[in-house]
Structures are given as structure tokens and as C-alpha cells.
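The structure under discussion appears below in the form of C-alpha cells.
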Amino acid sequence: MKKLLSLAVLAVVLCSGMAWGQNSFYKFKMKDLDGREVSMNEYKGKVVLVVNVASRCGLTPQYEGLVNLYNKYKDKGLVVLGFPCNQFLGQEPGTSEEIRGFCSTTYGVDFPIFEKIDVNGPNAAPLYKWLKKKAPFAGYPEEHAQFAAMLDQIHQKTGTGYDKGDEIRWNFGKFLINRKGKVVGRIEPMVAPEELEATIENLLAE
């Protein structure tokens, strides 16, 4: 009887652990620009800012703000993770080496940049499917209504469908993840990195 009880308790613990793992940022693995598989578990205990990036976009200067955020808060526990994506008017066409060179020479990027991925559609990276599920699209900021309308118009004309549902709307969409691996915010592309400072400081203080 005691043996059966112990096995039952063990089963509950294992099932609980599996359920936790299925809902955790730390379960994912992504390849960096060298093709090396990186576990998101490496960032456990940090505040993580996940961004889909591009080298030839009108928003590409946001790299400067991301670098500034990272350098200002990395010693306090912030990490920025960049995921190149070519799904928005082909604005990230380069190879991994070209992306690395652009990021390094143009903006001095020293936070982790990963291999190019899809963030929307059937081939979207599992990480991004999870992020969109955890933080659905909640609308554009009112102060950026004109830019938002332009993005939606582009998607309607090109037939991408990225103006619908929880799809990523454009390059430099952002997700914030707290020290426990929970997605706590989805920030639309037109919101500049420096606008996130207060939120990041609060998350770092938790």
C-alpha cells in the first residue's frame, strides 16, 4: 500500500513538472547565427526582451535603442534576444554572416542574435507560436494609429493575413518575459525600446 501511494505521489509530481514545462519559456531551443542550439534555459532568472528584427526596415534604427537598453540593464539581469525574420516585405534577406556583420558594424549589437526564422504562418518557430498564444494581439497604441493603419493596409494589399488574429504585425514586435519565464507583455513594433525602461526596471526589481 505504501509503495502504491509513493508511486501515485511520484506520478503527480512528474505530471506537474511536465505541465509546467509545456508552459515555460525555458523549454525552447533556438539556433544562434553560428547554428549552435541555444536553450532558453540559459536565460532563466533574467528579464528577457524578445524582438523580431530586420536590417532593411524603417524601424531598423530601433537597434540603437535595444543596444542602449541592454547595456544599461544587462548587469541587473536584462537580456535582449533578436530573431531576424524576412516575412515583412523581405526586409531581412541576408545570410547569417551578413546579418551578424550588419548588426555589429552598424549598431554595435552585442546581445544574442539568432538564426533567421518565421514568426507567422504554418512554419512559424514554435517559440513564436507560444509567445503569440501567451500574449495575443491587443490592438495598436492609439498614438500610433496612422502607422498602424499603414501596416494593415500593406498586409491587405499583399494578402499576408498578418493584419488578422494574433499574428506579428511587423519587424520589431516585442515580448517581455519576467524572471520566472512568464510572458508579461506584448509590445507592438512602433513602440520604441526607450519607452520600455520603466516597465523593465519594475520587472528587474521583482
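Every read-out reported here was derived from the displayed coordinates using simple, explicitly stated rules and does not represent laboratory data. Every value quoted in this text rests on a predicted model; they were computed, and no experiment measured them. Because the Cβ atoms are built from the backbone with ideal geometry, glycine has one as well, and the counts that use them run over all protein chains shown.
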*Taking the highest mean first, how do the peptides 149-162, 85-98, 172-185 order by number of other beta carbon atoms within 10 angstrom per residue?*
172-185, 85-98, 149-162
_Compactness of the range 40-102 as Cα Rg over 2.2 N^0.38 Å, two decimals_ = 1.21
*Mean 1/r over all different Cα pairs, inverted: what Kirkwood radius does the chain give, in Å?*
18.1
*List the residues whose amide H sits under 5 Å from the amide H of N52, counting only those 5 or more places along or on another chain, with H placed 1.01 Å from N in the peptide plane.*
F83, F172, G173
*Can you give me the Cα centroid spacing of the range 38-72 and the range 160-206 in angstrom?*
10
_For the chain, calculated [θ]222 nm from helices alone, where every DSSP H run of n ≥ 4 adds -39500 (n - 2.57)_ = -12000 deg cm²/dmol
*Quick one: which residues, 5 or more positions from I187 or on another chain, have an amide H under 5 Å from its amide H? H modelled 1.01 Å from N in the peptide plane, none for Pro or chain starts.*
K174, F175, L176
*5 angstrom amide H check on E115, placed H, neighbours 5+ away*: K31, D32, L33
*Violating pairs (Cα-Cα greater than 32 angstrom) within the set K72/K157; K46/K129; K46/K157*: K72/K157; K46/K157
_Using a Cα-Cα cut-off of under 20 Å, which aspartates and glutamates could be cross-linked to K74, ignoring same-chain neighbours fewer than 8 residues away?_
D32, E42, E64, D110, E194, E195, E197, E201, E206
*Go ahead and run the numbers for FRET between S39 and K157, Cβ-Cβ distance against an R0 of 30 Å, rounding to 0.05.*
0.15
*Along the range 79-94, what does the Karplus equation 6.51 cos²θ - 1.76 cosθ + 1.60 (θ = phi - 60°) give for ³J(HN,Hα), rounded to whole Hz, x for Gly and Pro?*
10, 9, 10, x, 10, x, 8, 10, 8, 10, 6, x, 8, 9, x, x
*Radius 14 Å from Cβ of R100, net charge of other residues (Lys, Arg +1; Asp, Glu -1)*: -4
*Any chance you could run the full-extension gain for A149 through N202? It's 0.36 nm times the residue separation minus the Cα-Cα distance, nm to one decimal.*
15.9 nm
_Checking understanding here: applying a Kyte-Doolittle mean of at least 1.6 and a length along the axis of at least 27 Å (C-alpha), which whole DSSP H helices in the chain pass?_
none
*Once you charge only the Cβ atoms, +1 for Lys and Arg and -1 for Asp and Glu, what is the size of the charge dipole of the chain about its Cα centre, to the nearest 20 debye?*
1200
